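To start, the structure itself, in structure tokens.
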Amino acid sequence: MVLVVASSSVDSGIGCWDLHTGAEQLRYKSCASPAHGLVCVGERFLACSQLRDPAATSGSVLYWSWFKPQVEVKSFPAEPIMALASNNEGTYIVGGGFSGDIYLWEVLSGRLLMKWHAHYRAVTCLVFSEDDSLLISGSEDGCVRVWSLLKVFDDGWQRESKHLYEHSFTGHNLPVTDIVIGYGGSNAIIISSSVDRTCKVWSLSKGKLLRNIIFPSIIDAIALDPGEHVFYGGGRDGKIYTAALNAKSPSSSDYGLHILGSLSNQSKSVTSLAYCSSGNLLISGSEDGAIKVWDTRTNNIIRVLKHSKGPVNNLLIVRQQLLPTSQLNPTSQGSLRKHRSLLPPALAKFGNSKDDDEDTGVIIGRSGPPMESMGFSPISSHVMDNQITELQQQGSAATGMELERLKRDYGKSMQMQQQWRKLYDNLHQYCVNELLDGDQTKI
């Protein structure tokens, strides 16, 4: 099942619909999110930052499982978090603060692994590259910066370099409103939009601006065609513009250079966009709470979904199987209460001290990611065995997805264990050979 997940800046919860039927699957309660503050973590659960009072000095990050509408885990970071992002595997959560700092947490333990000052003003956008090696951030200071996670954790790199980022793109004059990245890892393109009414296309490999497109209106949301021929920009004038990347653009256009046209007019400003490659569908959210599904081949609206109230400022496309609470029997209802223990702990407010890190045996310093986040732990296989056995005994439909996830994680853990064992054998053989060679030299 392909799901559309949407949230709003007012306390109207998180809506979840089947993309192809329009049926609402579940509504998650008590959520008032900033733009780019909603993320699906490894397809296992939803995480969302909360900003109920703009003048507040602290915020919160909430977790919801797929099976329960109530908040299950609450975190309270050191400052209000605006943008959230997670890597593909769901091992890290990254948050951008009001101060311009970026926080990187390990999901499994909730530990704060790294914090660094990234921008001069609030971080508005965060996105990982396709291969999870790069993190791209946008800010109210108009700057787009690219961070290599390997170098962020490298003490030597930090001592030798003048700055931590890979690239700093400073072409925007006003706050950055959205960022998307294409395919290709370090060779991908980045598209950024801004309150200055421009969208800029950047080259990661060359570290320079490729194309600057001026729009008739401020663009708050962008979505990239998977073929990277065009991208879509949602404007405050209610239009969704189609802009050329590799596609041929006419020399003269009603909207401006490189702008091919618009899908249609909406009653209110377009606040969020998402693209589903299955069926070539574009999903738009607007200030009036309407969520529209567009067929990009015909430019027609094929479905309209309605959020309860308020502007739709976050849209996610997630492949997931949900079981509505109305179809759950008492046995499965009881099993759902046990899912709380399967969600990770709350995110830490501060990083652990060096002494605490040494006591736990997990490396939290900047020299590299912890071994646990790489999927290997001496007791992980036994823990997973017990959880799989418990879920199999429960046998409810609601536990099926969690059981499959644990089986995948178990396979990855065993594979990592074999890799470490192979490395140990190779190192052992190398040491033996060195000792034998040394003895032979003495003789």
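The values are calculated or read from the model by the stated rules, or taken from the named source; none is laboratory data. The shown structure was predicted, so the numbers you read here are calculated from the model rather than taken from an experiment. Cβ sites come from the backbone with ideal geometry, for glycine too, and all protein chains shown count toward neighbours. Each accessible area value is taken on the protein alone, full model and side chains, heavy atoms only, with ligands, DNA and RNA left out. Shrake-Rupley method; radii C 1.70, N 1.55, O 1.52, S 1.80 Å.
Residue check: is D131 of a type in the set (D, E, K, R) and within 16 Å of the chain's Cα centre (by Cα)?
yes
For the stretch 160-199, what are the residues that are in a loop (DSSP other than H, G, I, E, B), within 18 Å of the chain's Cα centre (by Cα) and hydrophobic (A, V, I, L, M, F, W, C)? Even if it seems obvious, please write down each step before you answer.
Kept after step one, since they are in a loop (DSSP other than H, G, I, E, B), are these residues of the stretch 160-199: 161-166, 170-175, 182-184, 188, 195-197.
When the remaining residues are screened for being within 18 Å of the chain's Cα centre (by Cα), the result is 182-184, 188.
Of everything in the stretch 160-199, just one residue is in a loop (DSSP other than H, G, I, E, B), within 18 Å of the chain's Cα centre (by Cα) and hydrophobic (A, V, I, L, M, F, W, C), namely A188.
Would you mind finding the one in W202, W157 that is of a type in the set (A, V, I, L, M, F, W, C), over 28 Å from K268 (Cβ atoms) and part of a strand (DSSP E or B)?
Numbers: W157 fails: part of a strand (DSSP E or B).
Testing whether each residue is of a type in the set (A, V, I, L, M, F, W, C), over 28 Å from K268 (Cβ atoms) and part of a strand (DSSP E or B) leaves just W202.
Quick check: is even one residue across the stretch 303-313 of a type outside the set (V, I, T) and farther than 24 Å from R27 by Cβ? Outline the logic, then answer.
Within the stretch 303-313, the first condition is being of a type outside the set (V, I, T), and the residues that meet it are 303, 305-311, 313.
Going one step further and asking which of them are farther than 24 Å from R27 by Cβ, we end up with none.
Scanning the stretch 303-313 turns up no residue that is of a type outside the set (V, I, T) and farther than 24 Å from R27 by Cβ.
What are the residues in the stretch 148-163 that are open to solvent by 30 Å² or more (accessible area, probe 1.4 Å) and touching a residue at least 40 places away in the same chain (Cβ under 8 Å), if any?
The answer is D154, D155, Q158.
Among the residues of the stretch 285-295, is any more than 15 Å from W17 (Cα to Cα), buried (at least 20 other Cβ atoms within 10 Å of the Cβ) and modelled with pLDDT under 70?
Among the residues of the stretch 285-295, not one is more than 15 Å from W17 (Cα to Cα), buried (at least 20 other Cβ atoms within 10 Å of the Cβ) and modelled with pLDDT under 70, which makes the answer no.
Go through the stretch 119-133 and give me each residue that's in contact with a Ser or Thr (Cβ under 7 Å, 6 or more places away or on another chain), more than 19 Å from Q50 (Cα to Cα) and modelled with pLDDT of 95 or more.
Pass one, the stretch 119-133, residues in contact with a Ser or Thr (Cβ under 7 Å, 6 or more places away or on another chain): 119, 121-126, 133.
Those still in the list that are more than 19 Å from Q50 (Cα to Cα) too: 119, 133.
Across the stretch 119-133, the qualifying residue is only H119.
Listed here are the residues, each with its yes/no results for (1) surrounded by fewer than 18 Cβ atoms within 10 Å (Cβ to Cβ); (2) in contact with a helix residue (DSSP H, G or I) (Cβ under 7 Å, 6 or more places away or on another chain); (3) more than 19 Å from N87 (Cα to Cα).
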{"position": "S139", "(1), (2), (3)": "no, no, yes"}
{"position": "R145", "(1), (2), (3)": "no, no, no"}
{"position": "S168", "(1), (2), (3)": "yes, no, yes"}
{"position": "V176", "(1), (2), (3)": "no, no, yes"}
{"position": "C199", "(1), (2), (3)": "no, no, yes"}
{"position": "S203", "(1), (2), (3)": "yes, no, yes"}
{"position": "I214", "(1), (2), (3)": "yes, no, yes"}
{"position": "Y241", "(1), (2), (3)": "no, no, yes"}
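Residues being open to solvent by 30 Å² or more (accessible area, probe 1.4 Å) and under 21 Å from the mean Cα position of the chain (by Cα): count how many of those fall in the stretch 17-28.
Going through the stretch 17-28 one residue at a time, the tally reaches 1.
To keep it simple, each residue is scored yes or no on (1) of a type in the set (V, I, T); (2) out of contact with any Pro (no Cβ under 6 Å at 6 or more places or on another chain); (3) farther than 30 Å from D295 by Cα.
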site: V10; (1), (2), (3): yes, yes, no
site: S33; (1), (2), (3): no, yes, no
site: L51; (1), (2), (3): no, no, yes
site: Y63; (1), (2), (3): no, yes, yes
site: W66; (1), (2), (3): no, yes, no
site: P69; (1), (2), (3): no, yes, yes
site: A83; (1), (2), (3): no, yes, no
site: G90; (1), (2), (3): no, yes, yes
site: G100; (1), (2), (3): no, yes, yes
